[in-house]
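Trainee: Once you've had a glance at the structure underneath, I'll fire off some questions.
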Amino acid sequence: MKDSGVEWIGDIPKSWNSIKTKNKYRFKKEIVNDRVNQYERLSLTLNGVLKRSKDDSNGLQPEKFEGYQILNKNELVFKLIDLENVNTSRVGLSLFTGLVSPAYIVLNNEIEAPYGYFYYYSMWQREVFNHIGGDGVRSALNKGDLLKIPYLDVPQEEQIKIVNYLQININKINSLIRKTKSTIDDYKLLKQAIITETVTKGLDKNVEMKDSGIEWIGEIPTGWDTLMLAQVFAQVKNKNKDIQETNLLSLSYGNIVKRNIETTDGLLPESFDGYNIIEDGDIVLRLTDLQNDHTSLRVGLSKERGIITSAYITLRKKINVNEKYLYYFLHSFDVFKGFYGMGAGVRQGLNFSGLKKLKIAIPTIDEQQQIVNHIEIRASKIENLINQKEKLLIDLEMFKKSLIYEYVTGKKEVE
């Protein structure tokens, strides 16, 4: 082995040489112009270069595609803008011929590209692109920057062995990753099914049932009541005047979490005196942007005193009920996507007045506690299983990252 002279490459085999990207690849930019109807649209994603409909309205859309460039099969394509974002795709090897954004950079060398893809993919995995060009993070790299990036001159026979080995083994790892993610999704569905079944049907499978009058639930045990939300909750409007409270909270993925009030990340106001002071046991609903966002979890249960944006609706119980049971009930209604169907037509948002008549199934106070205990015991076991699978995902991704790096830099040799 010998020193490559490049810090992020390290040692390489003696028969390999460190060169520049421009010594192996040709930059190409061919604008499609009036031939646009001859080509499909392509997009660089975390899953590689994929076909994408020209009518797909997700994300930024051009008014027309005449300014797009042609990407040919077996060419490398790079997205080297917005480098502060380390979680987006950066490089792909196209298996198709089609159109891509003119902001992408296309490099051509059909023989070299399969090895080059794994080489540059390893750079993306280790966030090398984000730090090229001196200290700090660069917002973008242009074609000139890319062509100057160090590259490895590897004998063609060795390239073929490396590519074949990585393709086989990365496919195996990716298959395990997909299966693990699928298992996690199944566990999450099981957890939600347990919550919904328990807060709408109770724990006694043999109890006599009655019609609840609540469409999304159907029947409930005969001993349960139904009340409107306004009979159970009052809306909290306790402004943080004179900044008396500084424990900043936020609703994230259905959980109320702490935030650093001094942070510059995210959209924060100049003053927090308009925020609501909430208490342990309050339920917070984010019922804005209902028209566009159909994926967010919108219900959270506060476990501490703090402040949260007044754009959210904060509910506080006003009768003797278990707030955790109420949270699980409203969470199930949220997962059912019930908030989206409230009001006439598609609503951009809901206020407390729009929620007042929402019906809630109310068991006896003792049964509410039994339901909460049952859910928390079952959910805790499922969460442990999910955590184990998520740790496995991290380990698989780290193994994949290490495997690619070690073989594309020659630290391990294909037998």
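Trainee: Could you tell me whether region 2-154 comes out rounded, prolate or oblate from its Cα gyration tensor? Rule is a ≥ b ≥ c as square roots of the eigenvalues, rounded for a/c under 1.5, then prolate if a/b exceeds b/c, otherwise oblate.
Mentor: prolate
Trainee: Taking a 32 Å limit on the Cα-Cα distance, which of the listed pairs Lys2/Lys391; Lys20/Lys412; Lys188/Lys401; Lys201/Lys303; Lys51/Lys258; Lys73/Lys337 fall beyond it?
Mentor: Lys2/Lys391; Lys51/Lys258; Lys73/Lys337
Trainee: State the extension gain, in nm to one decimal, for the chain segment bounded by Asn87 and Asp204, taking 0.36 nm per residue of separation less the distance between their alpha-carbons.
Mentor: Stretched out fully, the Asn87 to Asp204 stretch lengthens by 37.5 nm.
Trainee: What FRET efficiency would be calculated for the residue pair Val6, Ile160, taking the C-beta separation as r and a Förster radius of 22 Å, to the nearest 0.05?
Mentor: 0.40
Trainee: Over the chain, calculate the relative contact order: mean separation of alpha carbon pairs under 8 Å at least 6 apart, over the residue count, as a percent.
Mentor: Averaging sequence separation for qualifying contacts and normalising by length gives 16 percent for the chain.
Trainee: Rounded to the nearest 10 degrees, what's the angle between the helix 113-125 long axis and the longest principal axis of the chain, both from Cα atoms, 0 to 90?
Mentor: 50
Trainee: While we're looking at this one, here's another question. If you average the alpha carbon positions of region 1-59 and of region 69-113, how far apart do those two centres end up, in angstrom?
Mentor: So the separation of the two Cα centres works out to 4 Å.
Trainee: Quick one: helix 365-408 against the long Cα principal axis of the chain, what's the angle to the nearest 10°, folded into 0 to 90?
Mentor: That works out to roughly 0 degrees.
Trainee: Over the alpha-carbon set of region 1-58, divide Rg by the Kirkwood Rh and report the Rg/Rh ratio to two decimals.
Mentor: Reported Rg/Rh (Cα atoms, Kirkwood Rh): 1.23.
Trainee: Please give the net charge around Lys20, taking every other residue with its beta carbon less than 12 angstrom from that of Lys20, where Lys and Arg add +1 and Asp and Glu add -1.
Mentor: Net local charge, Lys20 excluded: +1.
Trainee: Could you estimate the translational diffusion coefficient of region 132-245 from the Stokes-Einstein equation, with Rh from the Kirkwood formula over C-alpha pairs, at 4 °C and 1.567 mPa s, in whole µm²/s?
Mentor: In µm²/s, the coefficient rounds to 58.
Trainee: Can you tell me how much longer the chain between Thr263 and Asn17 gets when fully stretched, taken as 0.36 nm per residue apart minus their C-alpha distance, in nm with one decimal?
Mentor: Result for the pair: 84.0 nm of gain on full extension.
Trainee: Convex hull over the Cα atoms of the chain, averaged projected area in nm²?
Mentor: Averaged projected area of the chain's Cα convex hull equals 26.3 nm².
Trainee: Relative to the longest principal axis of the C-alpha atoms of the chain, give the angle of the C-alpha long axis of helix 156-201, reported between 0 and 90° and rounded to the nearest 10°.
Mentor: 0
Trainee: Please work out the FRET efficiency for the pair Phe336 and Leu46, using the Cβ-Cβ distance as r and a Förster radius of 22 Å; give the result to the nearest 0.05.
Mentor: That pair, Phe336 with Leu46, gives E of 0.15.
Trainee: Which GluC sites (Glu not before Pro) does region 190-261 hold that lie in a coil by DSSP with at most 11 other beta carbons within 10 Å?
Mentor: Glu208, Glu215
Trainee: Around Gln156, what is the net charge, scoring Lys/Arg as +1 and Asp/Glu as -1 over all other residues with Cβ under 14 Å from its Cβ?
Mentor: -3
Trainee: Let's see if you can work this out: charge +1 on each Lys and Arg Cβ, -1 on each Asp and Glu Cβ, no other charges. What is the dipole magnitude of the chain about its Cα centre, in debye to the nearest 20?
Mentor: Result for the chain is approximately 560 debye, rounded to the nearest 20.
Trainee: At 0.36 nm per residue, and after removing the present C-alpha to C-alpha distance, how many nm does the segment from Glu66 to Thr222 gain when stretched out fully?
Mentor: Going from the current span to full extension adds 49.6 nm.
Trainee: Separate question: Taking R0 as 30 Å, what's the FRET efficiency between Glu413 and Glu110 from their Cβ-Cβ distance, rounded to 0.05?
Mentor: For Glu413 and Glu110, the calculated efficiency is 0.75.
Trainee: Let me ask something else about it. Give me the net charge of Ile365's neighbourhood, meaning all other residues with Cβ under 13 Å from the Cβ of Ile365; Lys, Arg count +1, Asp, Glu -1.
Mentor: -2
Taken together, the values in this text are just the output of simple stated rules run on the coordinates, not laboratory data. The structure displayed is predicted, hence computed values, not measured ones. Glycine also receives a Cβ, built like all others from the backbone with ideal geometry; neighbour counts cover every protein chain displayed.
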